[in-house]
Amino acid sequence: MIGAQTPLKVSIAATAASLVLLLVVFELIRSRRLRERYALLWILTGVVLVALSAWRGGLNTIAGWLGVRGYPPAVLFAVGLLFVILVLLHYSTVISRLSDQNVILAQRLALLELQLSEDRARDEASVRG
Amino acid sequence: MSAEKRIAIVPAYNEERNIVRVIGELRTFDPDLDIVVVSDGSADQTAENAEAAGVRVLRLPYNLGIGGAVQTGFKYAWEQGYDLAVRLDGDGQHVPSELPSVIGPVAAGEADIAVGSRFVAGDGYRPSASRRLGIRLLATVVSAIARQRVTDTTSGFQALNRRALELFAADYPHDYPEVEGMVMTIKHKLRLVEVPVQMREREHGRSSITAFRSVYYMAKVLTALFVGLFRRDVIPLEKT
């Protein structure tokens, strides 16, 4: 298998698909539906996918480095899975931060509401008094 | 002693039936004590009933869980300049007549935080065997971490002075606040004492911890404790 290449048609299709992914990510950032800081992992994923698709000997070469015998595309699955896990982990940190911020906001809201209603009550009392 | 500003923080989630009685008992017991009820996104009349009873109410817009609710009360007490806060639950299991025991050590300046324990005296409360095992396990773990013997790590009946309020207003664990809070207290070199108290069985509603979930609960608490030991502190340790 060493020296074998990804079939040309597969390579073209995969490259096209990866480029579409990159394009979609770029469009989402451009239209402000995806923040740059969250898009970084996606851009990285797209670039790696493009590289693996277009570099026709690449998959086999990397499989050779890693000692994967028999079925080089297994490397692709492994890399893909790794990125999915990374993106999910990243989401967990984002969600954690958002929920922490949510708690702070809810608490502040409750504190301010009480302050406001007490101020109002005092104002009304002073107007009447 | 009466020059000190004191407040009772009462977290309540859907406790429309218990809350009025708790407020009444607190008033009967200590008419000068300020009271703030934290309604943790209650869907029933908890906040309205408490307001009608004439106490201040902090209304959280949605349910934050006990840690987030209690911390709201701590923030209030800290910002309003209270010298001492006592926390007791809105479900009526903490008996206001035990207030002097809990407040005592903090008011006397002997402790920064005093926790009412059901087990120091060894009478009254008899939990089920599985729960007793869990309680003992947690107590052993926390005692080892704290290098100080504690018996009741899940008691929410606590009195705090301003040092403890400052810490908890800035950083309070959300998931298992009593257990993790105890460890935090000791990490920050605050003086913690346990005092024996009697508690009542809940009259309406059920405790948030059912026997069915206790194993899962234990696993989560122990994980939280373990991670908590290595967690970066929001407030530097040197400050306290």
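The values are calculated or read from the model by the stated rules, or taken from the named source; none is laboratory data. Bear in mind the structure is a predicted one, so any value in this text is a computation, not a measurement. Note: ideal-geometry Cβ built from the backbone for every residue, glycine included; neighbour counts use all protein chains shown.
Got at least one residue in the stretch A:100-111 being within 23 Å of the chain's Cα centre (by Cα) and surrounded by 13 or more Cβ atoms within 10 Å (Cβ to Cβ)? Checked the stretch A:100-111: at least one residue is within 23 Å of the chain's Cα centre (by Cα) and surrounded by 13 or more Cβ atoms within 10 Å (Cβ to Cβ). Yes or no: the stretch A:26-33 includes at least one residue that is more than 23 Å from A:LEU89 (Cα to Cα), modelled with pLDDT of 90 or more, out of contact with any Cys (no Cβ under 7 Å at 6 or more places or on another chain) and surrounded by 14 or more Cβ atoms within 10 Å (Cβ to Cβ). No: the stretch A:26-33 contains no residue that is more than 23 Å from A:LEU89 (Cα to Cα), modelled with pLDDT of 90 or more, out of contact with any Cys (no Cβ under 7 Å at 6 or more places or on another chain) and surrounded by 14 or more Cβ atoms within 10 Å (Cβ to Cβ).
Within the stretch B:1-50, the set of residues being out of contact with any Asp or Glu (no Cβ under 8 Å at 6 or more places or on another chain), small (Gly, Ala, Ser) and crowded, with 23+ Cβ neighbours inside 10 Å comprises B:SER39, B:ALA50.
Taking the stretch A:111-129 as the search range and keeping residues that are of a type in the set (Gly, Ala, Ser) and part of a helix (DSSP H, G or I), which one is nearest to the other protein chains (Cβ to nearest Cβ)? For the stretch A:111-129, the residue satisfying everything is A:SER117.
Just one residue in the set A:ARG56, A:ARG69 is over 23 Å from A:LYS9 (Cβ atoms), modelled with pLDDT under 90 and outside any helix (DSSP H, G or I); that residue is A:ARG69.
Residues in the stretch B:1-53 that are part of a loop (DSSP other than H, G, I, E, B) and polar (S, T, N, Q) were compared, and the one that is nearest to B:THR72 (Cα to Cα) is B:SER42.
Residue-level analysis places A:LEU40 outside the set of residues that are touching a helix residue (DSSP H, G or I) at 6+ places or on another chain (Cβ under 6 Å) and surrounded by 12 or more Cβ atoms within 10 Å (Cβ to Cβ). Of everything in the stretch B:178-197, what is surrounded by 22 or more Cβ atoms within 10 Å (Cβ to Cβ) and part of a loop (DSSP other than H, G, I, E, B)? Give them in sequence order. Passing the criteria: only B:VAL197.
Of the residues that sit in the stretch A:72-97 and are aliphatic (A, V, I, L, M) and modelled with pLDDT under 85, which one is surrounded by the fewest Cβ atoms within 10 Å (Cβ to Cβ)? Ranking the qualifying residues of the stretch A:72-97, first place goes to A:ALA74. Can you list residue pairs whose Cβ atoms sit under 8 Å apart, with the first residue in the stretch A:89-110 being more than 8 Å from chain B (Cβ to nearest Cβ) and part of a helix (DSSP H, G or I) and the second being at pLDDT below 95 and surrounded by 11 or more Cβ atoms within 10 Å (Cβ to Cβ)? Count only pairs 6 or more apart in sequence or on different chains. Final answer for the pair search is A:HIS90/A:TYR38; A:HIS90/A:LEU41; A:VAL94/A:TYR38. Take the conditions assigned to a helix (DSSP H, G or I) and within 17 Å of A:PRO72 (Cβ to Cβ) and apply them to A:SER11. Does it pass? So A:SER11 fits the description; yes. Among the residues of the stretch B:129-177, those that are closer than 25 Å to B:THR72 by Cβ, among the charged types (D, E, K, R) and either modelled with pLDDT under 90 or crowded, with 22+ Cβ neighbours inside 10 Å (or both) comprise B:ASP152, B:ASP175.
This table checks each residue for (1) within 14 Å of chain A (Cβ to nearest Cβ); (2) farther than 16 Å from B:THR28 by Cα.
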residue: B:ALA53; (1), (2): no, no
residue: B:GLY67; (1), (2): yes, yes
residue: B:GLN71; (1), (2): yes, yes
residue: B:PHE74; (1), (2): yes, yes
residue: B:GLN80; (1), (2): yes, yes
residue: B:GLN93; (1), (2): no, yes
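Within this structure, B:LEU58 fails the test of being among the aliphatic types (A, V, I, L, M), within 14 Å of chain A (Cβ to nearest Cβ), in a loop (DSSP other than H, G, I, E, B) and crowded, with 21+ Cβ neighbours inside 10 Å.
Count of the stretch B:11-47 residues, restricted to those that are touching a helix residue (DSSP H, G or I) at 6+ places or on another chain (Cβ under 7 Å), under 22 Å from B:TYR82 (Cβ atoms) and more than 14 Å from chain A (Cβ to nearest Cβ), is 7.
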